[in-house]
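Everything below concerns the one structure shown next.
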Amino acid sequence: MNNRNAYIEITILILASFSPLLSQPIKAALVLMLLVVNFKYLLKFRKNKIITLGIFIAIFTLSLALDLRNISSISQMNILNLYFPMCILLGYVISEKYTLTRFYYLLDKIIIVLAVFSLIGVLIYTFIPNLVTYLPSYNYYHTTHRTAYIFNVLTNGPNGILKRNAGIAWEPGAFQFIANLGIYAYLKTNKKISLFRIGIYALAIITTRSTAGILIFMAVTFKLFIEDKKARVLILSSVLIFGGLILEELIYQFRYKLFGSFAFEIRLQPLLHAFNEGKNYFMGMGNSGFDIYYRNVTTPPWDSFGQIFIRYGYPLFIFIIFQLLRLIKNQKVLFIILVITLSSQNIWFFPLVTPFYFSFNKNEIGEFNF
């Protein structure tokens, strides 16, 4: 496969996962298109991977059968009963098509561009905010925001701007995952590190003002800080120069987003409710059952683990936890990236995430084995 097609394919993977400009039917169509184009990879059966795929499909199939009890006509069936398995199948295909090194290489090359675009957006809403009002608007659920297509600007009213970097994603907490995955991929595939490139990623992540993003960034760059003298000097110098801004951000995170804060509570309570209610359903409520239950009851969980548990019950919850734990052996930091983000975002089924549930063709990794 040539580089151009590979770049296009991985870009589609990212956009189908995170872009709020694409409707769900378009995202489903893109996932289906990638499956059709790469159909031959579904016919390659590697024992360890086909067992993993088989377990996923078995859980989805049984859940679908049980979910039929929640509806009175087929028109009431939740389309996610088909979409989730499609995304898992695509994850299997991507893991078959690319080596881990190749996948990381492509991610870095694409995401660094997205990070630069996002910082253009930060510069615009920081220094020339009036320009934002001239950007096209788009609707995302019940909210309206602005976009330049290469980056999105979140608004909180006709003229208000939420000064947090959302990049191409629907919100900062989602974009931090893309940026952190990019810097992680860069470190995994390069022996010689560009501090300028690291700085681009760092600015993109910090300007999201995402608690999860900042914690993950610290984990991703910890080994670099310990082993690279130049990186250590740069980071320490940055702390001295921007110490006031960093302290202000830490205070903001502590007061408004961490334990005991309102933002933390509104995310914690739906999660606790999901586990408390879900424990009564071994196979979960099903996707249609989920819709019926949460229609008038309460706020559904914001995170992936609560969503998995309430929809599919113990089997899928335990199996995905097991697949994530397998990463600890060779990719501890990737485990941290996924677990922290899955704990705050409902992205467990995204096409950019599902490949990591499978072992890639060859476990080739770069210089930074962490």
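Having 1 or more residues that are at pLDDT 80 or above and within 25 Å of ILE178 (Cβ to Cβ) is the bar; report the helices (runs of 4 or more DSSP H) wholly within segment 251-370 that clear it.
Correct list: 262-278, 304-325, 332-342.
Check segment 162-180 and report whether any residue there is under 27 Å from LYS229 (Cβ atoms), outside any helix (DSSP H, G or I) and of a type outside the set (Phe, Trp, Tyr).
The answer is no, given that none of the residues of segment 162-180 is under 27 Å from LYS229 (Cβ atoms), outside any helix (DSSP H, G or I) and of a type outside the set (Phe, Trp, Tyr).
Residues being under 15 Å from PHE56 (Cα atoms) and of a type outside the set (A, V, I, L, M, F, W, C): count how many of those fall in segment 281-316.
Summing the residues that are under 15 Å from PHE56 (Cα atoms) and of a type outside the set (A, V, I, L, M, F, W, C) in segment 281-316 gives 7.
Looking at PRO85, PRO25, PRO20, can you tell me which residue is part of a loop (DSSP other than H, G, I, E, B) and either at pLDDT 95 or above or loosely packed, with under 12 Cβ neighbours inside 10 Å (or both)?
It is PRO20.
Mind checking which residues of segment 99-124 are open to solvent by less than 10 Å² (accessible area, probe 1.4 Å) and among the aromatic types (Phe, Trp, Tyr)?
Residues satisfying the conditions are PHE103, TYR104.
Please specify each residue of segment 31-53 satisfying the condition of being open to solvent by less than 40 Å² (accessible area, probe 1.4 Å) and within 25 Å of PHE290 (Cβ to Cβ).
Within segment 31-53, VAL31, LEU35, THR52, LEU53 qualify.
Report whether or not ILE59 is over 29 Å from TYR7 (Cα atoms), touching a residue at least 12 places away in the same chain (Cβ under 8 Å), in a helix (DSSP H, G or I) and open to solvent by 20 Å² or more (accessible area, probe 1.4 Å). Walk me through how you get there before you give the answer.
Values: over 29 Å from TYR7 (Cα atoms): yes; touching a residue at least 12 places away in the same chain (Cβ under 8 Å): yes; in a helix (DSSP H, G or I): yes; open to solvent by 20 Å² or more (accessible area, probe 1.4 Å): no.
No, not satisfied.
Only one of these is in contact with an Asp or Glu (Cβ under 8 Å, 6 or more places away or on another chain) and open to solvent by 70 Å² or more (accessible area, probe 1.4 Å): ARG267, ARG326, ARG295. Name it.
ARG267
Among the residues of segment 168-193 satisfying the criterion of being within 21 Å of LEU21 (Cα to Cα) and among the hydrophobic types (A, V, I, L, M, F, W, C), which is surrounded by the fewest Cβ atoms within 10 Å (Cβ to Cβ)?
If we take residues in segment 168-193 being within 21 Å of LEU21 (Cα to Cα) and among the hydrophobic types (A, V, I, L, M, F, W, C), then TRP170 is surrounded by the fewest Cβ atoms within 10 Å (Cβ to Cβ).
The values are calculated or read from the model by the stated rules, or taken from the named source; none is laboratory data. Every value quoted in this text rests on a predicted model; they were computed, and no experiment measured them. Neighbour counts are summed over all protein chains in view; Cβ atoms, including those assigned to glycine, are modelled from backbone coordinates with ideal geometry. Just the protein is used for accessible areas: all its heavy atoms, side chains included, with ligands, DNA and RNA removed. Shrake-Rupley method; radii C 1.70, N 1.55, O 1.52, S 1.80 Å.
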